[in-house]
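Asks: Here it is, the structure, as structure tokens.
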Amino acid sequence: MAAHGKMQPQDAVKKSLRKKAQRDDSNKGYQPTCESEDEESSNSTKFGIPQTNKEHSTSDTKGEEHDVSQCTRDGKQDSTKERADVSRMLYRKMKKAVLGTSSLNDSDSDSEDEDGPSGFRGDPKTFKHTISVDGAPKDVSIDVWFDRGLYDENPDWLDNLNVSITSTSGEDIGGGLARYVKRGMIRRSFWENLSGASEGLSELAFGLFDRFGCIKQEILSHPVRKGSGVWGNELSKGGILVIELVFIEDRFQRSGLGSLVVEKIIERINKKGGGGRAKNIFMWPIPPDPLDDREHITFTEHQRRKNRIISFARSLGFRRIGATGWFGYSVKAEHLSRHLSSNEDYDLPSIDDDMEDSLEDLLEDQKKQRNLHTARAIRRKARASIRYPLHYAASTMEDDTLVTYLDKTLNKKGFTDWLQEDTQWYSILHLIAEGALPKSLEWLLINLPSQTRQLLSRRTVSGYTPLEGLQSRLDRDRGSKMVGNRRFVCADEFEGFTKDEVMCLTFLQFGLDGMKKLEADAHLESRIAFGCTCGGCVLGISPRTKHSLVIQAEILYGMLGENLNMQQQLQIEFPEMDFNTDQDLSWYSEAPPCVYDQLKATPDLKLGFVQILVHIATLLRGNIPPNVQYFTELWEDDKDCFGRGARVYLEAGGTFGSAVLTVIKMAMDRDPLTGDGSMMMTFGEEREALPKCRNDSEYGMVARCCGLEMKMGR
Ligand SMILES: [Zn+2]
């Protein structure tokens, strides 16, 4: 049934969004915006929800389901052509919804243009429904199908679900697009997989979740970032259903079709998996970016449209997740979100943006054929330099230059407004903190102590104090980086924050005494540098991660040691037989080939590997990371210090790294977050008793700290 086309609807959407992301990324620099950081920093607008607040009424007609493939077999319609037509329609509508283009040339509809999708579906279902239009009943047909991704290569952890609504006369009425992520299959490479799948999933992955697909801690516990506080750890479990797009033609809005699309998506996903797969559904209700809208709506109008879409989402039972732009719906009637009324739901603070463009500015840009985004960024920057000179200086100057500027400003007669906040409620301290400018920060602490004390507790629109703003920025950057228009995961390359960043974090936490504190506590600096949140990490290795590593090193040592003894005894009794099983040899697979190939002939090589394992466990128990460089130095000092076997192993070309890596990989494979969780069966209680840390299960970073390279993604 599969036909191969050039591009699928979601790929066309992706492509459009990518263009937008490229453009957004080119507009860096200080530019306070009209939205809170979460919504505006998003690179994409992916939701085209219709403007209706009406709850879906199921009383008008009962939905009727039958299999489209049955129609094909009966010869009632040419399914391939019909599906191709519907897919094309869907693609055009999505383009409209995403780009906000007001009309699409119908002549395009028959041409197989580059973006045109192919017509093919998996597991299609059709439902009949009756709506009321201007008081008259109208029959519609709702097609729901899974598409198989570009060239039939949809990954097995992802389902793409499409919905299209047509009238009996073939008129296009609306549709939707959703994705279902089987999170359990991809936890170790959650960010990597989602960022490559679609813009919507990328936004979701980095916006709400950590790299292992668990909801961000700040959404659970930060006084502002948690929003209404109705969402908890349940968002970290099970599959993820994201509704990326819903659209209904203007004249069919307010007939309950929008909610019907959402209802069909949830129903279909849950039926496919045998029921109840998607417990929590996510959506980001936001209209197309005003600058992409051919109507060039004002930002006030944009805000009005957004409020209408949010009302629609809330009418379906969706509630805001934390203080983000994302909304969630729980299928469980007893969930807290289901008992929070629309009026009680959390809303982001409204901002009085005195920097925004007027409609005249935009029309002038359009007349002169300027790039709207670039023109807007330049205008905002120019306005910022006049209205918020301190902020402008703090976000554009180098640390030394800024100190000179601050000195001059302090000596300027009549200047007193050190507590000024911009439209995003940023103070100068927020900008100096987030910019990691330690000299300027120290200057503030020395020269303006009382003002700085006040500023330390001020929050931006997003809810961050200066310290939290810097922590949040650093945490984001240690995990992923924007390259061009895409966010790339770099979490395994993290080696600690820079000196300037550590100094700023120290000043913000401990004031001018911070440097003394660093000197007094041998571990404090590395805990700050590695973003430790438990107070017990040693060079980025958290207590829970250390526990896993020690256990695995000791289990492996015990098991391989026993195997080795047994083999040696059997070998004495039966010298002609080979007792090296493939399974036994597989434990040494990280050893360099020159050693691995000799394992059968030289049992001492195995003994050497096992002896090194003991030292790994001992070092870890003593709070010393099993760093390869450290091992090498010890060995060079005394070649027998790790035992006779170890000397044979190392002199034959064996490495400390191969043993360390074996332990790290084994711990990762048995970890509850990054592996099968099997270590929890015996050691779960011990692990749970240890403090939780942001650095838990970061085995890639651990490998790095031990002088090795290891990517956690599968
Ligand atoms: Zn820690």
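FYI, it's all coordinate maths here, none of it is from the lab. All values derive from a computational prediction rather than experimental measurement. Counting neighbours? That spans all protein chains shown, and the Cβs are built from the backbone with ideal geometry, glycine included.
Asks: Going down the table (Lys125/Lys271; Lys216/Lys692; Lys226/Lys517; Lys125/Lys264), which pairs top 22 Å between alpha carbons?
Replies: In this structure, Lys226/Lys517 exceed 22 Å between Cα atoms.
Asks: Give, in nm to one decimal, the length gained when the segment between Met185 and Ser589 is fully stretched (0.36 nm per residue of separation minus the Cα-Cα distance).
Replies: Gain on extension, Met185 to Ser589, equals 143.0 nm.
Asks: Ranked highest first by average number of other Cβ atoms within 10 Å, how do 675-681, 420-426, 401-407 line up?
Replies: Going from most to least packed, we get 420-426, 401-407, 675-681.
Asks: I would also like to ask the following. Along Cα→Cβ, 7 Å out, is where each label goes; now give me the distance between the ones at Gln598 and Lys271 in nm to one decimal.
Replies: Those two pseudo-labels are separated by 6.5 nm.
Asks: Grab the other residues whose beta carbon is less than 10 angstrom from that of Thr465, score K and R as +1, D and E as -1, and report the net.
Replies: Summing Lys and Arg as +1 and Asp and Glu as -1 gives +1.
Asks: Taking a spot 7 Å from the Cα of Lys481 along the direction of its beta carbon, which residues of the range 163-203 have an amide N less than 16 Å from it?
Replies: Zone members listed by number: none at all.
Asks: With θ set to phi - 60°, apply the Karplus curve 6.51 cos²θ - 1.76 cosθ + 1.60 along the range 538-552 and write out the HN-Hα couplings as whole Hz, x wherever there is a Gly or Pro.
Replies: Here the 3J(HN,Hα) series is 10, 6, x, 8, 7, x, 5, 5, 4, 4, 4, 5, 4, 4, 5 Hz.
Asks: Next up: So what J values fall out for the range 603-609 if you push phi through Karplus, 6.51 cos²θ - 1.76 cosθ + 1.60 with θ = phi - 60°, rounded to Hz, Gly and Pro as x?
Replies: x, 4, 5, 5, 4, x, 4
Asks: Spin-label point model (7 Å from Cα, Cβ direction): what's the Thr409 to Asp347 distance in nm?
Replies: With each label point 7 Å from Cα toward Cβ, the separation is 3.3 nm.
Asks: As an exercise, use a Förster radius of 30 Å and the Cβ-Cβ distance of Phe510 and Met681 to find the FRET efficiency, rounded to the nearest 0.05.
Replies: Between Phe510 and Met681 the formula returns 0.10.
Asks: Oh, and also: Mind ranking 259-268, 450-459, 599-608 by how tightly packed they are, going by the mean number of other C-beta atoms within 10 angstrom, highest first?
Replies: So the peptides 259-268, 450-459, 599-608, ranked by packing, come out 259-268, 599-608, 450-459.
Asks: Show me, for the range 688-702, the HN-Hα J-couplings you get by feeding each phi into the Karplus relation (A = 6.51, B = -1.76, C = 1.60, θ = phi - 60°), rounded to Hz, glycine and proline as x.
Replies: 4, 6, 8, x, 7, 9, 4, 8, 4, 6, 7, 5, x, 5, 4
Asks: How far is it, in nm, from the label point at Ile386 to the one at Glu651 when both lie 7 Å from their Cα along the line to the Cβ?
Replies: According to this spin-label approximation, the distance is 8.0 nm.
Asks: Let me ask something else about it. Taking 29 Å as the cut-off for C-alpha to C-alpha distance, list the pairs among Lys600/Lys665; Lys600/Lys639; Lys237/Lys711; Lys367/Lys481 that go past it.
Replies: From Lys600/Lys665; Lys600/Lys639; Lys237/Lys711; Lys367/Lys481, over 29 Å: Lys367/Lys481.
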